[in-house]
Amino acid sequence: MHARCSGRVESRLILLTLALAMADALSAQTTLPPLPGPIGIPKPGPVTDGPYAPQPILQGGVVVPLYPPGSPFLKIDRVREAEQYNLSQTVPGRINSIVNIHNPSIEVHTVDRSLNTGAAVILVAGGGHNTLNVGSEAADFVPFFYNYGVNTIILRNRLRRDGYNPQTDAVYDAQQAIRLVRAYAKEWNIDPNKIGIMGFSAGAELTAAAAVRFEEFDKGKRAADDPLSGISSRPDFAGIIYPGPSPFAKNRVAPPIPRNVPPAFLVCGGSGDRVHAIWAMEYYEAMLKLGVPNIEMHLYSNGRHPGDPLGEGVRMTGGLTDRNHTPFGTWQFRFVDWFRDLGFLQKPGVETKAAHDVAEFVPQPPIVDRPRVEPAKR
């Protein structure tokens, strides 16, 4: 009995040795060749004697500076500096963010004529005015909106970290972008009455300001030498996504709301992003008091601000990410529902419901809040 067991053990050892030897031989014969390096990685443009020429961050983008050379909006001593790209460490060629923006620009991505609705959305990324998070809050939306026939424009606005004032310089960039897209609408097959703006976090702060301060901006842009003179910076719609403080925040002097203020779509997490939710509610409340039509807001019970920790090293990312399969991760489809309902996904040239409702609202007398009547004491 003992001899049989010993024989079986020896047989198994021999078979195991042979199997390992064959595995080693096979491994030696099938060593994979080294992978090639990534190609087509976008790079900033070179520094020259002229103003810096911004480069597209996505293939096929048409890049147009917001201001002509020598514009008083530009810093002459810095306009030649190159932008700085922050690339993903794990996805070759993906630009996460951009800084050192001294010659602000737009990057235009149009859709095929057969799909084109004529609608265009200018994307204003967040980043706390310290970076411009163009990856998750701009570039990712180009293919998303393409499927709906919506043209996209990536704005590269100036940042506080580079010495600019977000409430003036960066807001001017957003307003100038609207004028510029409207000026070239015919060349890009864009409907001039379907041009809007969507901002995220700090970018939503600029978006909210652009949505209510366009009259003030346009009055100062009627110089004879201004090629965009007479072109309106009023957006036809505004997407205000987990916003920074709007002009209606409690620590700011609220501007008068123009009667033709555009419809707005607001999104934010709730208690998990309390501060930004309050800022969203302040904008919504200002519009609601006036009775502005087509203002829609979604506050999600389970949602945090981009970059906030979720535990165990997981961080909440912005834009189109599904946010751990929570309803907050589907907000973009609620936007499309709203967008379609207001007529922006119809053919170019067809009046939108949004425009019709604004035209009806403008001549109506302002709403006067009735004084609250306290119930009689028993």
When restricted to 330, 321, the only residue in a loop (DSSP other than H, G, I, E, B), among the β-branched types (Val, Ile, Thr) and within 18 Å of the chain's Cα centre (by Cα) is 321
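Condition check: out of contact with any helix residue (DSSP H, G or I) (no Cβ under 6 Å at 6 or more places or on another chain) and crowded, with 19+ Cβ neighbours inside 10 Å. Does residue 149 satisfy that?
Numbers: out of contact with any helix residue (DSSP H, G or I) (no Cβ under 6 Å at 6 or more places or on another chain): yes; crowded, with 19+ Cβ neighbours inside 10 Å: yes.
Answer is yes for this residue.
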Looking at the range 235-250, can you tell me whether even one residue there is over 23 Å from residue 133 (Cα atoms) and buried (at least 24 other Cβ atoms within 10 Å of the Cβ)? yes
In the range 33-76, anything of a type in the set (S, T, N, Q) and under 19 Å from residue 159 (Cβ atoms) is listed as 55, 71
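Where residues in the range 28-74 are part of a loop (DSSP other than H, G, I, E, B) and β-branched (Val, Ile, Thr), which of them is nearest to residue 123 (Cα to Cα)? Write out each step before concluding.
Looking only at the range 28-74, we keep the residues that are part of a loop (DSSP other than H, G, I, E, B), and these are 30-61, 66-74.
Narrowing further to those that are β-branched (Val, Ile, Thr): 30-31, 39, 41, 47-48, 57.
Numbers: 30: 48, 31: 46, 39: 27, 41: 22, 47: 26, 48: 28, 57: 14 Å.
Residue satisfying both the conditions and the ranking: 57.
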Practice task
Might you check whether a residue that is modelled with pLDDT of 95 or more, in contact with a Leu (Cβ under 8 Å, 6 or more places away or on another chain) and among the charged types (D, E, K, R) occurs anywhere in the range 256-265?
Solution key: no
Of (1) in a helix (DSSP H, G or I); (2) in contact (Cβ under 8 Å) with a residue 40 or more places away in the chain; (3) surrounded by 18 or more Cβ atoms within 10 Å (Cβ to Cβ), residue 161 fails just (3)
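Sort out which residues of the range 198-209 are assigned to a helix (DSSP H, G or I) and not aliphatic (A, V, I, L, M), and write them in order of number.
First, pick out the residues of the range 198-209 that are assigned to a helix (DSSP H, G or I): 202-209.
Passing the criteria: 203, 205, 207.
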Checked 177, 138, 170 against criteria (under 13 Å from the mean Cα position of the chain (by Cα), modelled with pLDDT of 95 or more and part of a helix (DSSP H, G or I)); the one match is 138
When residue 59 is run through (1) surrounded by 14 or more Cβ atoms within 10 Å (Cβ to Cβ); (2) within 24 Å of residue 144 (Cα to Cα), the failure sits at (1)
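Can you tell me which of 152, 131 is within 30 Å of residue 275 (Cβ to Cβ), in contact with a Phe, Trp or Tyr (Cβ under 6 Å, 6 or more places away or on another chain) and touching a residue at least 12 places away in the same chain (Cβ under 8 Å)? Even if it seems obvious, please write down each step before you answer.
Numbers: 131 fails: in contact with a Phe, Trp or Tyr (Cβ under 6 Å, 6 or more places away or on another chain).
From the options 152, 131, the qualifying one is 152.
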Reported set for the range 210-262 where residues are among the polar types (S, T, N, Q) and either under 21 Å from the mean Cα position of the chain (by Cα) or part of a helix (DSSP H, G or I) (or both) is 233, 246
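The values are calculated or read from the model by the stated rules, or taken from the named source; none is laboratory data. Note that the coordinates shown come from a computational prediction; the quantities given were computed from them, not determined experimentally. Cβ atoms come from the backbone with ideal geometry, glycine included; neighbour counts cover every protein chain shown.
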